[in-house]
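The values are calculated or read from the model by the stated rules, or taken from the named source; none is laboratory data. In this text the structure is predicted, and so the values were computed from the model without any measurement. When we count neighbours, we look across all protein chains shown, and the Cβ atoms used for this are built from the backbone with ideal geometry, even at glycine.
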Amino acid sequence: MASDRPVREAENRLERFNADREHLLVEVERRVVTRKIAEARAGGDASLEYVLNDVAYCEIRRLEASRKNGAVDRWRDLSRRLLTMTETDKEEELRNLVRHYGRDVVGNFDPRVYRFATGVAPPLLGFVFSPIGSLREGMAAVRSLDARVHADGEIAVARACAERGTIVVTPTHSSNMDSPAIGLGLLRAGLPPTTYGAGKNLFSNPFISFFMRNLGAYRVDRRLKFELYKDVLKEYSTVLLEHGYHSLFFPGGTRCRSNLVEKNLKLGLLGTTATAYKNSVREGAPHKRIYIVPATINYRLVLEAETLIDDYLAETGKSRYIINDVTDDGESIDRQGRAVDPASFVRGADGEVTDDDQRDAEYTRALGRRLAAAYPRLTVFHATHLVARAVYDAIARAAGRRDIYRLIRAAPQQLAVAADRVVELVDRLRARLADHPAWGAEHPRIAGQPASAIVDDAVRGLSSYHTRPIVSRREHALHVDDVKLLYYYQNRTAHIPPEAV
Amino acid sequence: MSTRRDTVGIAGAGPFGTALGSVLARAGRRVVLWSRDAAVVDAIRSARKSPRLPSAPLPEPLEATADPRLGDVLDGSHIVVHAIGALAAPGNDRVSQVMEQGLPTLKIGAIAGPALPDDLAEGKYSSIVIASAFD
């Protein structure tokens, strides 16, 4: 009988990934093919003809839309042959497709590239996160940029969980820089690197592709809509977790366009955590626990803010006008502090492990609710967020409304706020934040600074990072030059209720 | 011998909980009826009658307890169905939400009328509604 001993594998487990890769792929293929054949034999819409036709139909539509007429012939041929294929032929075709998509998804990990990337990436990333203005400060600025990436929180607990089981880091998602940023954050926190799914479009750049391919990222092709591909992807993630590979999922799915702390999570592959743990318990290894580590990524300035907020306002505009906590050492407890056996959650009343997709989907939704509830407390505010909020509050109060669509149309004279007033509002906002830890915390870099210095710091960033200034200082007033981007940055604080008048 | 699968715990020995316990016990299931009122528990144990629903027969497979450590005997595999139609202060949370906070299981559901406790206890045809996010 398996003991409930800790796993104790704190080392970089990805270093053994390449040796494991073929075994992982074989396991994914075996499971998906076995399941599909079993479902087909049960009858109904799960027949292999239906599964294969779904692949062919989706691929023909996709390739015709992208005018790739050469590639479409292979799927038209499959669609025609389906009518006369024997069950054995269909099983073989299914096996080939699963193998093909498995190899398309699978990642790679090169320790040499990891060592190189962890040496070079920090200053490069810091450079990207800095305002254009700091370019003028020369190499001294570049050397200090590394220090701009900061990891904070209950890191000791996360480390204990990484030693005891498998961690799944679940950060908020607001930028294409999130993957390298969180990778650097994990390094800073003394946590092992994780594998993660990255959109295949990100692999089109040879430079980025080289690093992503060799640092454990696996490819997710969002153009492939058919169920078989999703099954392969989910099974790959499940098998990785079962084999103890720390993972990273963005529960929000895509980048958050509004910069709001995410509330509605798509969850995506997060559901594979429940399946992987259930499989481990069934295999007699309930000690292979999976720990979900919520995290937020908070940028002082966001590289793609201009396009993201345009997307968000265009989308909302349309509609407008139209599982357990853990102790410090990773022991599972309920909300009353009682020790719980996580394996019991995947067992039925008779004590046996049960397959129950609906139950697991509910667990995943509950997990999503817990993550969304945890994010505000984990939010870290930069000077840009606090000042954007203070300025937005001031212009909204002067205009008598907080509605972004009305403020966009406000006259320029309505978009100026006395600098002293902004300092006062920032002071009050900081005082409210200090009284409400559940709303988040100030970044340590600004924690000891006077409000006037925070305003100066934010105005420097907000006036020089993007192609046009968001806020600029003219004499004794701050003028808002881009209300949409001001709204974007203040959105990080949107879970903080407006101050009572 | 009854197994864990055969056992149903009912939290609350009011008229509805007692009626459900009566029906289940007569069907041969082992029932543990929990009450916060020690007098109700004593009456069930000694007289096989509940002062909250005297008309309900309470055969042997039904036991009563006032043990306050309800959460200590549950784990993640249990399904908890409550029959409390109220909102809890201070945030007007549903009882299911309150139970989710306090119990070490996520599988929680609610049961409600239109059945009447007396009808259930007397074995009359009745209909009830059960709702849960879990099948």
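A few points about this structure:
- Checking B:Lys124 against (1) out of contact with any strand residue (DSSP E or B) (no Cβ under 9 Å at 6 or more places or on another chain); (2) away from chain A (no Cβ under 14 Å); (3) surrounded by 15 or more Cβ atoms within 10 Å (Cβ to Cβ), the condition it does not meet: (3)
- Here A:Lys288 passes the criteria (1) within 9 Å of chain B (Cβ to nearest Cβ); (2) basic (Lys, Arg); (3) part of a loop (DSSP other than H, G, I, E, B); (4) buried (at least 16 other Cβ atoms within 10 Å of the Cβ) except the one numbered (1).
- Cβ-Cβ under 6 Å pairs, at least 6 apart or on other chains, the range B:70-83 side more than 7 Å from chain A (Cβ to nearest Cβ), far side outside any loop (DSSP other than H, G, I, E, B) and aromatic (Phe, Trp, Tyr): B:Ala83/B:Phe16
- Residues of the range B:63-77 that turn out to be more than 13 Å from B:Ala11 (Cα to Cα) and crowded, with 19+ Cβ neighbours inside 10 Å, as a count: 3
- Of all residues in the range A:480-490, those satisfying the criterion of being at pLDDT 95 or above and either of a type outside the set (A, V, I, L, M, F, W, C) or not assigned by TED's automatic domain parsing to the domain that holds A:Ala419 (or both) are A:Tyr487, A:Tyr488, A:Tyr489, A:Gln490.
- With respect to the conditions (1) within 13 Å of chain B (Cβ to nearest Cβ); (2) within 18 Å of the chain's Cα centre (by Cα), A:Asp360 lacks only one, and its number is (2).
- The residue that is nearest to the chain's Cα centre (by Cα), counting only those in the range A:421-449 that are part of a helix (DSSP H, G or I) and charged (D, E, K, R), is A:Arg445.
- Residues being within 14 Å of chain B (Cβ to nearest Cβ), over 19 Å from A:Glu154 (Cβ atoms) and either surrounded by fewer than 16 Cβ atoms within 10 Å (Cβ to Cβ) or small (Gly, Ala, Ser) (or both) are entirely absent from the range A:300-321.
- If the condition is being at the interface with chain B (Cβ under 7 Å from one of its Cβ atoms) and either among the hydroxyl-bearing types (Ser, Thr, Tyr) or in a loop (DSSP other than H, G, I, E, B) (or both), then the range A:333-350 contributes A:Asp334, A:Arg335, A:Gln336, A:Arg338, A:Val340, A:Asp341, A:Ser344, A:Gly348, A:Ala349, A:Asp350.
- Checking each residue in the range B:84-93 for being away from chain A (no Cβ under 14 Å) and surrounded by fewer than 19 Cβ atoms within 10 Å (Cβ to Cβ) picks out B:Gly85, B:Ala86, B:Leu87, B:Ala88, B:Ala89, B:Pro90, B:Asn92.
- Test for A:Arg370: is it away from every other protein chain (no Cβ under 14 Å) and basic (Lys, Arg): no
- The residue that is nearest to B:Gly85 (Cα to Cα), among those in the range B:34-44 that are in contact with a strand residue (DSSP E or B) (Cβ under 6 Å, 6 or more places away or on another chain) and at pLDDT 90 or above, is B:Val41.
- Among the residues of the range A:308-332, the one identified as in contact with a Lys or Arg (Cβ under 8 Å, 6 or more places away or on another chain), within 19 Å of A:Pro286 (Cα to Cα) and modelled with pLDDT of 75 or more is A:Ser332.
- Residue within the range A:408-420 that is outside any loop (DSSP other than H, G, I, E, B), in contact with a Leu (Cβ under 6 Å, 6 or more places away or on another chain), of a type in the set (Val, Ile, Thr) and not assigned by TED's automatic domain parsing to the domain that holds A:Tyr299 present: yes
- The single condition among (1) within 33 Å of the chain's Cα centre (by Cα); (2) over 17 Å from A:Val26 (Cβ atoms); (3) modelled with pLDDT of 90 or more that A:Ala117 does not satisfy is (3).
- Scanning the range B:99-116 for residues that are within 14 Å of chain A (Cβ to nearest Cβ) and buried (at least 18 other Cβ atoms within 10 Å of the Cβ) yields a count of 8.
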